[in-house]
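The values are calculated or read from the model by the stated rules, or taken from the named source; none is laboratory data. Please read all numbers here as calculations on a predicted model, not as lab measurements. A quick note on method: Cβ atoms are made from the backbone with ideal geometry, for glycine too, and the neighbour counts reach across all protein chains shown. Remember, those area values only see protein heavy atoms, side chains included, never the ligands or the DNA or RNA. Shrake-Rupley method; radii C 1.70, N 1.55, O 1.52, S 1.80 Å.
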Amino acid sequence: GIFLTSYTSGGGVETGSLVRLVGDNVVAEGTLSADKFVVGRGINLLRNTNFSQGLSGWGKGGTGAVGPNTTLSLRAAGQPWAALNEPTLLLEQDSDDTNGLSVAEARMVYADGSSSQLAVAVEPGVWYEASAQLSTHRCAGDVQIKFFDEDGVYLSDGLSDELVDQLGSSKRPSTWPRMWVKQQAPANAAFAQMQARKKGTLSGDRSLLF
């Protein structure tokens, strides 16, 4: 699965009573307030992450020679490298180029059907995390969060570790390695974009990232 979520944390030390509460998600009134803890919002900020609406909300970008030689598509449910009941996203490079990269990027979709790379609205100072389970075939891949101001000007980004040539199970995408990145939105941040990035072909003349 592919996710982009956020959480906030508070600081400072205060005196008062302490109550020990046990549970998966506990918010208590009284002497303990939520800003004493890391609080997860528990929601995915991206849309259509199970691809039930096809490629709506997703687009392809790229640089160098790799970008234009890569296509974005879906591998149908029940096929190799897809789940039994859900498709997977596929970046397929039909060349041996190593210069540049290609990306599958989450996008905001407007009522008129147009879309924007400014996928979700964010708040400065808030921490955001993104993750995706990847399968890399003769290539390397990672996950990136990019931040933009209200005019769409790029500000900063964060990158996950790189997954290099690791196929994983052809029948169970849920077991693939999850690449994860956490980044704080900078001052003046208004929007964020999440990308799954595919690097160039490492061997042969074709490479794939699911």
Within region 171-185, residues modelled with pLDDT under 95 and aromatic (F, W, Y) come out as W180
Take the residues in region 105-149 that are charged (D, E, K, R), under 17 Å from F191 (Cα atoms) and surrounded by fewer than 17 Cβ atoms within 10 Å (Cβ to Cβ), then tell me which one is nearest to the chain's Cα centre (by Cα).
-> E123
When you scan region 171-182, how many residues do you find that are assigned to a strand (DSSP E or B) and surrounded by fewer than 20 Cβ atoms within 10 Å (Cβ to Cβ)?
-> 3
Would you say G168 is at pLDDT 95 or above, buried (at least 17 other Cβ atoms within 10 Å of the Cβ) and not in a loop (DSSP other than H, G, I, E, B)?
-> no
Exactly one of D157, D112 is in a loop (DSSP other than H, G, I, E, B) and not aromatic (F, W, Y), and that residue is D112
Please find, among S102, S95, the residue that is within 16 Å of V66 (Cβ to Cβ), outside any strand (DSSP E or B), open to solvent by less than 30 Å² (accessible area, probe 1.4 Å) and polar (S, T, N, Q).
-> S95
Taking region 69-86 and keeping only residues that are in a loop (DSSP other than H, G, I, E, B) and open to solvent by 30 Å² or more (accessible area, probe 1.4 Å), one is left with A76, A77, G78, Q79, P80, W81, L84, N85, E86
Conditions (1) in a loop (DSSP other than H, G, I, E, B); (2) surrounded by 14 or more Cβ atoms within 10 Å (Cβ to Cβ); (3) modelled with pLDDT of 95 or more; number of the one not met by K198 = (1)
Expected output for region 128-156 (first residue at positive phi, partner crowded, with 24+ Cβ neighbours inside 10 Å and not aromatic (F, W, Y), Cβ below 8 Å, 6+ apart or cross-chain) is R138/S207
Among (1) open to solvent by 50 Å² or more (accessible area, probe 1.4 Å); (2) of a type in the set (A, V, I, L, M); (3) farther than 30 Å from P124 by Cβ - the single one L155 does not satisfy | (3)
